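What follows is one structure encoded as structure tokens, with my remarks underneath.
Please treat every number below as a calculation from the coordinates, not as lab data. This is a predicted model, so every value here is computed, not measured. Note that each Cβ is placed from the backbone with ideal geometry, even for glycine, and that neighbours are counted across all protein chains shown.
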């Protein structure tokens, strides 16, 4: 977390400039966690107090654990054509910004979808761990081209996820434990969105942020955004 905060000021500056510019133009920001536990990346910014309202999360049940973990990890995130279909369905295209969150950044759906979004004219900001991708050597779980997310994104924000995702060893037990990839991904994500909000405030721009719908007046306040976004954000 210290590395996330201290080691990439220039990267955060560039990434949040792109996000803030898009929001000033009242564009939706696309957030995508393409497969497995990475789907939490997009879910965590959806309709959440203190988060940006103009976010269109890409949530596809075919590549989420809730509809069959084995099916997703061992099969669906490796299906050719699915990544393109997801991006096309959500109409990511010219002038859009797509934030792709995957600590590994290697699975075929992730790579295929990201390449297709670039082909359609979107700017790609990746939240990923290049260290993992550079050490990954399993062709069965990689895109046919061998390309990785950190090599094809326009901007890479490093989440510093560990090569094996595991942070702890226990005396007397052979296998390491303590997977932290999702935690580091979401920490990096929050740095991006909160810094973007700060930048909008400093610019004197409109700052579209959700309030807590459970407190008095919160739901009514959020209805202002709902009226704007109801037919634009598929997951609302």
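Descriptive notes on the structure:
- Rounded tilt (10° steps) of 181-203 against the dominant C-alpha axis of the chain: 30 degrees
- Relative to the dominant Cα principal axis of the chain, helix 108-119 is inclined by about 40°.
- Order of 234, 131 under a 10 Å beta carbon neighbour criterion, fewest first: 234, 131
- As a proxy for reagent exposure, 90, 135 were ordered by neighbouring Cβ count within 10 angstrom, fewest first; the result is 135, 90.
- Computed FRET value (nearest 0.05) for residue 26 with residue 135, which takes r as the C-beta separation and R₀ as 41 Å: 0.50
- Overall form of region 158-236 per C-alpha gyration tensor (a/c, 1.5; a/b vs b/c): prolate
- Under the Debye formula (equal points on every Cα, no solvent term), log10 I(q)/I(0) of the chain at q = 0.14, 0.18 Å⁻¹: -0.89, -1.42
- Degrees separating the helix 218-229 axis from the principal Cα axis of the chain, which is the longest one: 80 degrees
- Computed on region 1-63, with alpha-carbon pairs under 8 angstrom and 6+ residues apart, the relative contact order is 29 percent.
- Counting neighbouring beta carbons within 10 Å and listing from fewest to most, the residues 38, 159 come out as 38, 159.
- Calculated [θ] (222 nm, deg cm²/dmol) that DSSP helices of n ≥ 4 give over the chain, each run adding -39,500 (n - 2.57): -12000 deg cm²/dmol
- Take every Cα pair under 8 Å whose residues are at least 6 apart in sequence, average their separation, divide by the length of the chain, and the relative contact order is 23 percent.
- Reported to the nearest whole Å, the Cα centre-to-centre distance from region 3-75 to region 141-205 is 11.
- Amide N proximity, region 99-122 versus residue 14 label position 7 Å along Cα-to-Cβ, cut-off under 16 Å: 99-100
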